[in-house]
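Undergrad: For reference, the structure I am asking about is given below.
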Amino acid sequence: MAGQEEQDREVPFISHIRELRKRLINSVIAVLVGFAIAYYFSEEIFKFLFQPLKDALPENYKNLYFTGIAEPFFLFLKLAFVAGIFIASPVILYQIWLFIRPALYEKERKLAILFVVFGSIFFIGGALFGYFLIFPNVFSFFLSFGRDYLNPIITINDYFSLATSLLLIFGLLFELPLIMFFLINLDILPIEFFRKYRRYAIVTIVILAAIITPTTDAITLIMLCVPLVFLYEIGIILSVVYRKIKNSERT
């Protein structure tokens, strides 16, 4: 009997592992397709990402440098890969949805389109927010030190590693409302948890913002903190509204 019960527990676990494997494979394929598309435009992506730094550099130092003969080639591959993640983000989010769907009620499963659409908008919107509003201030801040007697020699690997990492971080940070929504509605964390610890969440947001944008001006810090606090509140509001709709349908 004990052996039979153990087997019964193992079957769902193996099934979940197989499902996870399937979703990961589909996501990887989507990223590879996105990579192929992005690689065709890799030079345009390079120029686009370089522009915020170029604007911040001194007039006579508008170039980047490389120290290895193959470094530009691998850089273009890396840029295409990161761009491929953004291109494939709707597919990746849909695969995540398919993985968690069995744990949802039938009516909750109809939220798939909203999850994919808003998840993609938040992810790409977060990256664009970082690019247009945060990058210029951050790069100007870093390059302001010793400007009168230090000349920048910035390698392509150093800059684009920083730029792509920040874009992905901003994209993930802007997924906060969706993460909160599902933590609440999958009964992992109650909505009271987010209300009770709102102050701690705001302090955490300020600390994260200070780490990501280590500038001395309050404007840049506020520019990042305000949207994240706003997104935190959106996560709570969405969950409250959804709970009310669900309760009204039951009655």
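The values are calculated or read from the model by the stated rules, or taken from the named source; none is laboratory data. Remember, predicted model here, so these are calculated numbers, not experimental data. As a convention, Cβ positions derive from the backbone with ideal geometry for all residues, glycine included, and neighbour counts pool all protein chains shown.
Undergrad: With the structure loaded, tell me whether Pro52 is touching a Pro at 6+ places or on another chain (Cβ under 6 Å), surrounded by 14 or more Cβ atoms within 10 Å (Cβ to Cβ) and either modelled with pLDDT of 85 or more or of a type in the set (A, V, I, L, M) (or both) or whether it fails that test.
TA: On the way: touching a Pro at 6+ places or on another chain (Cβ under 6 Å): yes; surrounded by 14 or more Cβ atoms within 10 Å (Cβ to Cβ): yes; either modelled with pLDDT of 85 or more or of a type in the set (A, V, I, L, M) (or both): yes.
So Pro52 fits the description; yes.
Undergrad: Taking the options Leu224, Leu208, Leu186, name whichever one is under 30 Å from Arg101 (Cβ atoms) and surrounded by 12 or more Cβ atoms within 10 Å (Cβ to Cβ).
TA: When all the criteria are applied, what remains is Leu186.
Undergrad: Search segment 117-147 for residues being of a type in the set (Gly, Ala, Ser) and assigned to a helix (DSSP H, G or I), and hand back the single one that is surrounded by the fewest Cβ atoms within 10 Å (Cβ to Cβ).
TA: Gly125
Undergrad: With Phe174, Phe230, Phe160 as the choices, which residue is in contact with a Lys or Arg (Cβ under 9 Å, 6 or more places away or on another chain) and at pLDDT 95 or above?
TA: After ruling out the rest, the residue left standing is Phe160.
Undergrad: Considering each of Glu59, Glu71, Glu106 in turn, give the residue that is within 30 Å of Pro12 (Cβ to Cβ) and of a type in the set (D, E, K, R).
TA: Glu106
Undergrad: Sticking with this structure for a sec: Can you find even one residue in segment 95-110 that is among the small types (Gly, Ala, Ser) and closer than 26 Å to Pro177 by Cβ?
TA: Checking segment 95-110: at least one residue is among the small types (Gly, Ala, Ser) and closer than 26 Å to Pro177 by Cβ.
Undergrad: Criterion first (without any contact (Cβ under 8 Å) to a residue 60 or more places away in the chain and part of a helix (DSSP H, G or I)) does Ile234 satisfy it?
TA: Values: without any contact (Cβ under 8 Å) to a residue 60 or more places away in the chain: yes; part of a helix (DSSP H, G or I): yes.
Against the criterion (without any contact (Cβ under 8 Å) to a residue 60 or more places away in the chain and part of a helix (DSSP H, G or I)), Ile234 qualifies.
Undergrad: Separate question: Check Ile17 against each of (1) touching a residue at least 40 places away in the same chain (Cβ under 8 Å); (2) over 22 Å from the mean Cα position of the chain (by Cα); (3) more than 18 Å from Phe139 (Cβ to Cβ); (4) part of a helix (DSSP H, G or I) and name the one condition it does not meet.
TA: It is condition (1) that Ile17 fails.
Undergrad: Looking at segment 105-112, can you tell me whether even one residue there is of a type outside the set (Val, Ile, Thr), over 29 Å from Pro52 (Cα atoms) and in contact (Cβ under 8 Å) with a residue 60 or more places away in the chain?
TA: yes
Undergrad: Also, quick follow-up: Leu98 is checked against (1) without any contact (Cβ under 8 Å) to a residue 40 or more places away in the chain; (2) part of a helix (DSSP H, G or I); (3) surrounded by fewer than 20 Cβ atoms within 10 Å (Cβ to Cβ) and fails just one. What number does that condition carry?
TA: (1)
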